[in-house]
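One structure is given here, and the rest of the page talks about it.
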Amino acid sequence: MDLVRETPDEEITAENLPPDKVPTHVAVIMDGNGRWARQRGLPRIAGHRAGTENLREILRACVEFGVKILTIYAFSTENWGRPEEEVQELMSILRDVIDCELDELHQEGVQLRHLGDLSKVEEELRHKIYHAIDLTKNNDRLILNVAFNYGGRAEIIHAIREIVEHGYKPEEITEELVSHYLYTGDLPDPDLIIRTSGELRLSNFLIWQSAYAEYYFPEVYWPDFNRQELYKALLHYAQRDRRFGLIE
Ligand code: FPP
């Protein structure tokens, strides 16, 4: 299959993806919003808004193509260091998504989960997040993990603290136990991690869970990562030979 060639629209269908090679869990570092905005002479926040709008298309496409879990990196523990105005705008975006999109997400069968530490998030927003999680907890069409005030190292420290608090003995510490106490809990690890905008870094995202993930780094900025781009990513993934350390 020639992956360089653009796939014509009519060929972008779930039927054209090998069904046994669609990743169950896709995780995305939605990078390039700021550069997308700068290219257009717009403020950075316009890029974040465009990126949020793009999420709708990608959520729909995930359901269409058979992806069961989508994890998005929406706000990292390092993002607090951005200018206060941008931090507040990112908080507002999450607030607006919950206020305006929650009913539809619920009707569409999306289960919302949160990865990260909400203790630093303002109380009203925190309660909105808890409400959204509780409302959608029985949905099973697509799990959407929103990593918000998330950092991979902080997540591992949090898991270690939980394990110590629960009084486990050294010989009881296993990979399964550590995984269980991560924010992703008993969800399967991501099969495919996508970082848009051409940057080749993991930036503290799912550092434990990504041990055997496949990576895909498209050049496009996140607001331009559309259904066709996701399809291309899934085609690339389908061609990978995952061996998990074995030889065949
Ligand atoms: C990286 O682009 C993007 C972010 C730090 C935030 C991404 C957030 C959204 C798309 C909205 C999130 C949606 C929800 C549900 C809260 P960048 O700003 O680093 O771009 P740059 O590298 O081009 O400057």
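The values are calculated or read from the model by the stated rules, or taken from the named source; none is laboratory data. None of the values given here were measured: they were computed from a predicted structure. Here the Cβ positions follow ideal geometry from the backbone for every residue, glycine too, while neighbour counts run over all protein chains shown.
Details
- Considering region 18-35, and only residues there that are within 25 Å of Ala211 (Cβ to Cβ) and surrounded by fewer than 18 Cβ atoms within 10 Å (Cβ to Cβ), the residue that is nearest to the ligand (Cβ to nearest atom) turns out to be Thr24.
- Search result, residues across region 13-59 that are β-branched (Val, Ile, Thr) and closer than 20 Å to Arg141 by Cβ: Thr13, Val22, Thr24, Val26, Val28, Ile58
- Some residue of region 99-113 being small (Gly, Ala, Ser), within 11 Å of the ligand (Cβ to nearest atom) and in contact with a strand residue (DSSP E or B) (Cβ under 8 Å, 6 or more places away or on another chain): no
- Test result for Glu219, among the acidic types (Asp, Glu), farther than 20 Å from Pro23 by Cβ and either surrounded by 20 or more Cβ atoms within 10 Å (Cβ to Cβ) or within 16 Å of the ligand (Cβ to nearest atom) (or both): yes
- Residues that are buried (at least 17 other Cβ atoms within 10 Å of the Cβ), under 25 Å from Pro190 (Cβ atoms) and over 16 Å from the mean Cα position of the chain (by Cα), drawn from region 36-64: Trp36, Gly47, Ala50
- Any chance Asn149 is on the phi > 0 side of the Ramachandran plot and at pLDDT 95 or above: yes
- Evaluation of Pro43 against (1) more than 9 Å from the ligand (Cβ to nearest atom); (2) in contact (Cβ under 8 Å) with a residue 40 or more places away in the chain; (3) not polar (S, T, N, Q) (one fails), failing number: (2)
- Top-ranked residue of region 182-200 - restricted to ones that are touching a residue at least 12 places away in the same chain (Cβ under 8 Å) and surrounded by fewer than 20 Cβ atoms within 10 Å (Cβ to Cβ), ranked as farthest from His236 (Cα to Cα): Leu187
- Count - residues of region 228-248 that are small (Gly, Ala, Ser) and buried (at least 20 other Cβ atoms within 10 Å of the Cβ): 1
- Residues of region 113-123 include at least one that is without any contact (Cβ under 8 Å) to a residue 12 or more places away in the chain, surrounded by fewer than 12 Cβ atoms within 10 Å (Cβ to Cβ), over 15 Å from Tyr183 (Cβ atoms) and not β-branched (Val, Ile, Thr).
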